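Working notes, beginning with the structure itself.
The values are calculated or read from the model by the stated rules, or taken from the named source; none is laboratory data. It should be emphasised that the depicted structure is a prediction, and the values quoted were computed from it without experimental measurement. Quick reminder, even Gly has a Cβ in these numbers, built from the backbone with ideal geometry, and neighbours come from all protein chains shown. With ligands, DNA and RNA removed, areas are computed over all heavy atoms of the protein, side chains included. Shrake-Rupley method; radii C 1.70, N 1.55, O 1.52, S 1.80 Å.
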Amino acid sequence: MAKYMILIYGDDRQWAAMSPQERQDLDAAHRAFSAAAGSRILESAELEPSSTATSLRADPAGQVGITDGPFLETKEVLGGYYVLDAAALDEVIALTSRLYEVHAGHSGVEIRPVVDHG
């Protein structure tokens with residue numbers, strides 16, 4: 001078995017502007033995904049809007065600077081994640097294709113294997 005991180009990206013403004021029905025549809029899709037994935041889900045969370053983020057970056061002299069929010073050149077921000085334990089990437093793709101964000105016009109999903117240092 002391997003671990004895979006599913007990163008869910010989208011537009012904060014689009015998520016905030018969702019109607020109550022759209023929010024219900026989104027929540028229902030995540031419940032269906034969770035039911036299908038079952039115990040393969042090791043961890044998951046929805047993140048607060050990107051405006052609540054704090055970013056740290058060191059300058060060439062090594063001084064750490066702190067800024068509010070992420071440094072973005074795009075409207076897509078990380079909105080949530082799942083960590084799955086699965087036998088193969090194909091299994092993760094089949095499950096992940098059920099997520100609402102895969103089919104919404106303003107969002108997308110990235111799947112990345114987690115490095116095992118053990």
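A few notes on this one:
- Only Lys, Arg, Asp and Glu carry charge here, each on its Cβ (+1 for the first two, -1 for the last two); on that basis the chain has a dipole of about 140 debye about its Cα centre.
- Computed label-point distance, nm, for sites Ile111 and Gln63 using a 7 Å Cα→Cβ extension: 4.5 nm
- Heavy-atom accessible area order for Thr67, Thr96, largest first, 1.4 Å probe: Thr67, Thr96
- Global form of the chain, assessed from the alpha-carbon gyration tensor, a/c cut-off 1.5: oblate
- Environment charge of Arg40, counting only residues whose C-beta is closer than 12 Å and scoring Lys/Arg +1, Asp/Glu -1: -2
- Full-extension gain in nm, Met1 to His103, via 0.36 nm per residue minus C-alpha separation: 34.0 nm
- Under a Gaussian network description of the chain, with springs only between Cα atoms under 10 Å, the residue in Ser44, Ser34, Ser19 that fluctuates furthest is Ser19.
- GNM top mover of Val64, Val83, Val102 - the chain, alpha-carbon springs below 10 Å: Val64
- Within the chain, helix-based [θ] at 222 nm, where runs of 4 or more DSSP H residues each add -39,500 (n - 2.57), nearest 500: -8500 deg cm²/dmol
- Normalised contact order of the chain, rounded percent, pairs of Cα under 8 Å and 6 or more residues apart: 49 percent
- Using a Förster distance of 25 Å, the FRET efficiency for Ile41-Leu78 (Cβ separation, nearest 0.05): 0.90
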